[in-house]
Amino acid sequence: KGTLYIVPTPIGNLNDITLRALDVLRSVDVIAAEDTRHSSVLLNHFGIQATLWAVHEHNERQKADQIVQRLLDGQTIALISDAGTPLISDPGYPLVNACRAAGAHVVALPGACAAITALSAAGLPTDRFLFCGFLPAKQQAREKALQALVGESATLIYYESPRRIIDTLEALIHIFGADRPVVIAREVTKQFETYLHGSAADVLAMVQADSNQQRGEMVLLVGGAPASDDATPPEALQLLARLSQELP
Ligand code: SAM
């Protein structure tokens with residue numbers, strides 16, 4: 001029986017690929033990649049020649065059946081995305097789900113992931129965290145998404161676009177309050193890696209003061225809601241947050 005390997009690739013620094021990942025990429029029959037041109041650069045760098053298939057957001061449901069059939073025929077296939085761990089804010093979920101449903105063998109390799117790397121260096125609690133992916137781009141939906149987590153005590157992890165970071169920090173201050181601890185992990189593993197940390201208001205001021213902080217790739221981490229002494233229920237916190245939005 002064949003195997004689908006989920007293979008993480010670097011998130012910036014090309015040395016962040018494991019020896020096992022290179023072995024697997026060298027040995028599989030097919031590499032299913034989010035963007036074949038993008039992945040060719042990585043594969044060429046490591047001298048790997050492979051048959052590449054494009055499996056991205058727009059065709060992955062159709063491709064899933066084809067790939068499952070190949071796996072059941074005994075082929076080995078690696079799934080990679082443009083950067084980091086496939087399926088983590090990246091394509092792959094429909095494929096892995098279809099593999100499980102069909103009884104195909106799936107093996108995931110551990111490796112680079114921006115969320116986990118940033119969390120481990122952020123200095124926020126790591127015992128409980130909630131990965132939330134990208135916030136919605138539209139303001140109203142974004143505020144609603146933040147509001148839904150206003151009472152969440154786990155550390156929150158978001159992927160954010162540099163174009164929206166100021167708007168998002170402003171919304172965050174509005175909804176979670178200016179004192180909530182925030183960390184922005186930017187350009188992780190790359191030349192201009194920076195971690196900004198402080199209260200939401202401090203971090204907003206730092207980003208506004210330096211246009212370099214409005215560029216590159218970033219992970220936004222938010223400390224969880226403090227356990228309140230009087231144990232205010234999350235519904236009450238949400239109501240308060242909504243009221244404070246309505247009031248002048
Ligand atoms: N699958 C990837 C992973 O495992 O991290 C994430 C893919 S998602 C499409 C891309 C987003 O991840 C970026 O917009 C950014 O928020 C975050 N990201 C990826 N690489 C990063 C890096 N080197 N530094 C900071 N954030 C990064």
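No value in this document is a laboratory result; all are computed from the given coordinates. Computed from a prediction, not measured in an experiment: that's the story for all the values here. Because the Cβ atoms are built from the backbone with ideal geometry, glycine has one as well, and the counts that use them run over all protein chains shown.
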Q) Based on the Cα atoms of region 78-122, what semi-axes does the equivalent ellipsoid have, where each is the square root of 5 times one gyration tensor eigenvalue, given in whole Å with the largest first? A) 24, 10, 9
Q | Net lengthening on full extension, residue 121/residue 20 (0.36 nm per residue, minus Cα-Cα) | A | 33.9 nm
Q.
For a quick size check, give me the Cα extents of region 118-248 along its three principal axes, largest first, whole Å.
A. 45, 33, 23
Q: With a cut-off of at most 13 other beta carbons within 10 Å, and DSSP calling the residue loop, which chymotrypsin sites (Phe, Trp or Tyr not before Pro) in region 1-79 qualify? Please list them.
A: 46
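Below 8 Å between Cα atoms, with a sequence gap of 6+, how large is the relative contact order for region 134-192 in percent?
Dividing the mean separation by the residue count of region 134-192 yields 34 percent.
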Q) What is the ratio of the Cα radius of gyration of region 7-55 to 2.2 N^0.38 Å, where N is its residue count, to two decimals? A) 1.03
Q.
Between region 33-63 and region 149-218, what is the separation of their alpha carbon centroids in Å?
A. 32 Å
Q: Take every Cα pair under 8 Å in region 22-178 that's 6+ residues apart, average their separations, divide by the length, and report that relative contact order as a whole percent.
A: 18 percent
**Q.** Inverse of mean 1/r across different Cα pairs in region 115-189, Kirkwood, Å
**A.** 12.9 Å
(Q) How much length would be gained if the chain were fully extended between residue 243 and residue 148, taking 0.36 nm per residue of separation minus their Cα-Cα distance, in nm to one decimal? (A) 32.8 nm
Q. If you average the sequence gap of Cα pairs under 8 Å that are 6 or more apart and divide by the length of region 95-248, what percent do you get for the contact order?
A. 27 percent
Q: Determine one quarter of the surface area of the Cα convex hull of the chain, which equals its mean projected area, and express it in nm² to one decimal.
A: 15.3 nm²
Q) Restricting attention to region 69-136, which chymotrypsin sites (Phe, Trp or Tyr not before Pro) occupy a DSSP loop and are surrounded by at most 11 other Cβ atoms within 10 Å? A) none
Q: Quick one: grab Rg to one decimal and Dmax as a whole number for region 26-132, Cα atoms only, in Å.
A: 15.3, 47
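P(r) tail for region 1-88, what percent of Cα pairs lie past 16 Å? Don't jump to the answer; show the numbers that get you there.
Working: 1842 of 3828 pairs.
The answer is 48 percent, as a whole percent.
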(Q) Between residue 193 and residue 29, how high is the FRET efficiency from 1/(1 + (r/R0)^6) when r is the Cβ-Cβ distance and R₀ = 41 Å? Nearest 0.05. (A) 0.65
(Q) Among DSSP bridges having both ends in the chain, what percentage is antiparallel? Round to the nearest 5. (A) 45 percent
